[in-house]
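Written out below as structure tokens is the structure these notes cover.
The values are calculated or read from the model by the stated rules, or taken from the named source; none is laboratory data. Here the structure is a predicted model, which is why all the values come from computation and not from measurement. Here the Cβ positions follow ideal geometry from the backbone for every residue, glycine too, while neighbour counts run over all protein chains shown. Accessible surface areas use protein heavy atoms only, side chains included; no ligands, DNA or RNA. Shrake-Rupley method; radii C 1.70, N 1.55, O 1.52, S 1.80 Å.
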Amino acid sequence: DAGVTQSPTHLIKTRGQQVTLRCSPKSGHDTVSWYQQALGQGPQFIFQYYEEEERQRGNFPDRFSGHQFPNYSSELNVNALLLGDSALYLCASSLDRGSEKLFFGSGTQLSVL
Amino acid sequence: AQSVAQPEDQVNVAEGNPLTVKCTYSVSGNPYLFWYVQYPNRGLQFLLKYITGDNLVKGSYGFEAEFNKSQTSFHLKKPSALVSDSALYFCAVRVRRAGFQKLVFGTGTRLLVSP
């Protein structure tokens with residue numbers, strides 16, 4: 001049983017570009033959350049998807065957007081990249097929207113030059 | 001706002017000695033508290049959680065945590081540290097809204113266990 005998988009593992013972009021990160025949740029999980037972990041910091045909640053809709057959003061600008069597909073997989077899109085967007089982006093899935101136990105992927109390391 | 005604080009950036013302990021990683025919380029209502037561990041180039045792995053009940057919670061890999069309401073603390077402990085325990089540890093609190101939940105994490109504590 002595969003856990004949470006994320007792609008790509010590493011990505012290098014330049015300022016102003018756009019990026020798409022992908023996540024496949026653990027089998028049977030229908031809720032996906034995204035977190036940003038800057039160097040030396042704890043993960044910060046970006047948003048959460050359930051039934052293909054954004055249900056919660058953290059304190060991130062509209063440049064951060066997402067999508068959830070019918071198979072529960074999810075994408076995180078970031079437009080107009082800034083140097084400060086450089087971070088590890090973590091995807092987490094849970095069994096349902098009320099489950100407090102999250103399963104995390106290994107993350108995508110994004111570097112913005 | 002719900003939050004947790006980890007006052008130590010790094011904890012150093014010798015293998016075989018007991019270890020403690022500190023966490024304090026600021027929560028309205030009953031707290032749901034968690035500990036996660038992060039190894040290099042890996043995602044976060046769940047260690048244990050406190051929801052209600054016994055103040056001593058046992059988790060994975062021999063870790064346990066003690067919930068103390070009067071001190072608003074949720075310290076992670078292990079009786080005998082292993083070199084392989086060296087990693088980044090995060091305390092977190094659950095925030096729930098309209099049936100959905102998210103985790104608010106502390107800044108993390110790096111545990112270094114020396115041989």
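Order the peptides B:7-19, B:81-93 from the highest to the lowest mean number of other Cβ atoms within 10 Å of their residues.
Packing proxy ranking, top to bottom: B:81-93, B:7-19.
Measuring nothing but protein heavy atoms, the accessible surface of the protein assembly as shown at 1.4 Å probe radius is 48 percent carbon and sulfur. Peptide B:94-105 has a mean of 6 when you count, residue by residue, the C-beta atoms of other protein chains within 10 Å of its C-beta. Looking at the stretch A:31-113, the GluC sites (Glu not before Pro) that sit in a DSSP loop and have at most 13 other Cβ atoms within 10 Å of their own Cβ are A:E51, A:E52.
Considering chain B as a Gaussian network with a 10 Å cut-off on Cα pairs, which listed residue, B:P40, B:P79, B:P31, attains the greatest mean-square fluctuation? Per the Cα network of chain B with a 10 Å cutoff, B:P40 tops the list.
Per residue, how much accessible area does the stretch B:3-114 have with a 1.4 Å probe, in Å²?
Per residue, the stretch B:3-114 has 47 Å² of solvent-accessible surface.
What the Cβ-Cβ distance of A:I12 and B:F100 gives, at R0 = 22 Å and to the nearest 0.05, is a FRET efficiency of 0.10.
Per residue, the stretch A:5-112 exposes an accessible area of 45 Å² to a 1.4 Å probe, with every protein chain left in place. Note on the protein assembly as shown: semi-axes of the ellipsoid equivalent to its C-alpha gyration tensor, largest first and rounded to whole Å, are 30, 20, 16.
Over chain B, what is the relative contact order in whole percent, taking alpha-carbon pairs under 8 Å and six or more residues apart?
Relative CO of chain B lands at 36 percent.
Averaged over peptide A:48-56, the number of partner chain Cβ atoms lying within 10 Å of each residue's Cβ comes to 2. Hydrodynamic radius of chain B by the Kirkwood approach over all distinct alpha-carbon pairs: 14.3 Å.
Spatial offset of the stretch A:1-49 relative to the stretch B:53-115 amounts to 23 Å, using the alpha carbon center of each. For the stretch A:5-113, the Kirkwood estimate of the hydrodynamic radius, built from every pair of different alpha carbons, is 13.7 Å.
Which of A:K26/B:K78; A:K101/B:K22; A:K101/B:K58; A:K26/B:K69; A:K13/B:K49; A:K26/B:K22 have a Cα-Cα distance over 27 Å? The answer is A:K26/B:K78; A:K26/B:K69; A:K13/B:K49; A:K26/B:K22. Modelled spin labels at A:L83 and B:S28, positioned 7 Å past Cα toward Cβ, are 3.9 nm from each other.
Buried area at the B:A interface is about 1900 square angstrom, summed over both chains, from accessible surfaces computed with a 1.4 angstrom probe.
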